[in-house]
Amino acid sequence: MSLFSNRRPNRRLILAGALAAVALPVRAVAAPAGRRRFGVTLHPYYSYVANIVGDAAEVVPIIPAGFNPHAYEPRPEDIQRIGGLDAIVLNGIGHDDFAGRMIAASAKPALPVVEANADVPLLPAAGMAARAAGKVVNPHSFLSITNSVLQVATIARELGRLDPDNAAAYAANARAYSRRLRQLRADALAKLATAGTASLRVATIHGAYDYLLREFGLEVSAVVEPAHGIEPSPAQLAETIATMRKLDVQVIFSELNFPSAYVETIRRETGIRLYAFSHISHGDYAPDLFEREMARNLDTLVLAMAEAAP
Amino acid sequence: MHHQIVRRAGAERETLWVLLAAGVILASATLAVGLRAAPDAEAPLAAHLIDSRTGLTAAEQGLYADLKAAGEEIVALRTAAGRAPTPEELAAEALPPFAADPSAAARGGHTWTFAETGHEIAYAGVSAAPELAGSLVLRLDGHGADIWLKRAAEAPPAPPEDAALSAAGWKRIVSTFTAGVNR
């Protein structure tokens, strides 16, 4: 009897705990009245949307930080998170193709989708991904100031349509953010004005930087990787090295966070200078992440152009 | 007396069935591929249009994106100030491609002028190096931006209307949105 009476509070505790466990996710998923929840898939889009909405809405990354978006496979807990969103902002041109299937499998298959790239003049995919006569596009439009500005304007307009009460604030925030982004590019170009060359023959390890290089009037002569993170075969590597020599490439841009042994082989064989860009898909989600990483990318580019000057 | 005919060892019948099955598979695959073929390439663009993805040089692609982004900012500045900003004012705001920076020099060194006719404003950039990037016109009429290109160091006709631009050999740049192929 005493044993039983001792157990009773425990049972109540367990029951209360179980109820709380069931109730908690529901409470976490339910949006507080008036404050919308907008989902994002990639780091740059977190920064864009966080700067556009400010405190007026919540930005929810559906993929936890630390996953490589190039190799991400949807998980049930991430799909569950979509059920609590009011809209989702997508890259939509190949970098988050998993999102469509996740939305379809979620509690909200008709979730409004903002196509951030709707107004961006897209470039054909680079390297081995270039096929189907330009039908496959380069999905890295976020690695560029101008195309980020275009995406920020589209996102602000579409979110304003979904949340009319805050539309004016979103538009104003987007303009202020775009001005800051443009300033990053202006600062980089100001450094270049004093020293450096404006023309450069460039190769990249990953075909992600065409949009960024277009802003400086540069074109990528060769892309090394067959696909992101996939090392070229010895034959492909030999061919790439021969191509680089033939094209007289001056600079190779590789990637931070994806160190590859063969990149050193290329550098040793060709003697070409090597610099590393950030793909902006690592670390914690943060409103200022895009500005920080992009400033670093622009500094890298300016350094490369300055050092290549005769 | 009991006679039994024993078929000689061989696989004629099996071979026949395998060949038949292969033939059926090939025929149905050919039929399926024939019926589900991807549509032919889209109709070629009209003579006065040019595609931003396939028709432009690297420098022109960069300038086109910059002009699209500038269009939104110019509309906002015009609404705030009650008049359209001049190219010099846009350069002072460090707004590409109007800002005179090393990037502008590397992409054709355009000289920008500005004309306002009624509600429509047009910014014309005459290229100093048409082999890198042609001359460009950005037209804003309150409904969006129109961007025209001609690969010559040439100013556009005044006023830069559709018919006049087309007649003078200018082409309007168009871009299409293509969703990810694995969506």
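Tabulated results
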| read-out | value |
| --- | --- |
| Cα-based equivalent ellipsoid, segment B:28-104: semi-axes from gyration tensor eigenvalues, Å | 43, 15, 11 |
| Inter-chain Cβ neighbour average for residues A:208-221, partner chain, 10 Å | 5 |
| Calculated from backbone phi, Karplus (6.51, -1.76, 1.60) coupling profile of segment A:61-68 in Hz, x at Gly/Pro | x, 7, 10, x, 4, x, 8, 7 |
| Leading residue at positive end of dipole, chain B (Cβ point charges), from B:S166, B:G55, B:A81 | B:G55 |
| Projected label distance in nm at A:F67 and B:A47, using a 7 Å step from Cα toward the beta-carbon | 5.3 |
| Alpha carbon centroid spacing (whole Å) that separates segment A:131-171 from segment B:112-139 | 25 |
| Gain in span if fully extended, B:A168 to B:H143, counting 0.36 nm per residue against the direct Cα distance | 6.6 nm |
| Only Lys, Arg (+1) and Asp, Glu (-1) charged, at Cβ; the protein assembly as shown dipole about Cα centre in debye | 1840 |
| With 5 Å bins from 0: P(r) over segment A:34-186, alpha-carbon pairs, percent | 2, 10, 19, 21, 20, 16, 9, 3, 1, 0 |
| Helix B:58-81 axis, angle to chain B major axis (alpha carbon atoms, nearest 10°) | 50 |
| For residues of A:113-124, the mean tally of beta carbons on other chains within 10 Å | 5 |
| Cβ-based exposure ranking for A:D187, A:D96, in which fewest neighbours within 10 Å come first | A:D187, A:D96 |
| Nonlocal amide H pairs with A:E255, under 5 Å, H built at 1.01 Å | A:F277 |
| Reduced Cα scattering model of chain B, Debye log10 I(q)/I(0), q = 0.14, 0.16, 0.20 Å⁻¹ | -0.81, -0.99, -1.36 |
| Overall dimensions of the protein assembly as shown as given by Cα atoms, namely Rg and Dmax in Å | 28.4, 117 |
| 17 Å Cα-Cα reach of B:K171 towards aspartates and glutamates, excluding residues that sit fewer than 8 places from it in its own chain | B:D51, B:E60, B:E131, B:D146, B:E154, B:E161, B:D162 |
| Across A:K135/B:K150; B:K68/B:K150; A:K135/A:K191, pairs whose alpha-carbon gap is larger than 27 Å | A:K135/A:K191 |
| Kirkwood Rh (inverse of mean 1/r, distinct Cα pairs), segment A:185-307, angstrom | 15.0 |
| Fewest-first sequence of A:S221, A:S106 by Cβ atoms within 10 Å of each Cβ | A:S221, A:S106 |
| Net +/- balance of residues flanking A:Q250 in space, Cβ distance below 10 Å, scoring K and R +1, D and E -1 | 0 |
| Chain B: angle of helix B:12-35 to the longest principal axis, Cα-based, in degrees nearest 10 | 20 |
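Bear in mind these aren't lab numbers, they're just calculated from the coordinates by the rules spelled out. Since this is a predicted model, take the numbers as computed values, not measurements. Methodologically, a virtual Cβ is constructed for each residue, glycine included, from the backbone with ideal geometry; neighbour enumeration extends over all protein chains shown.
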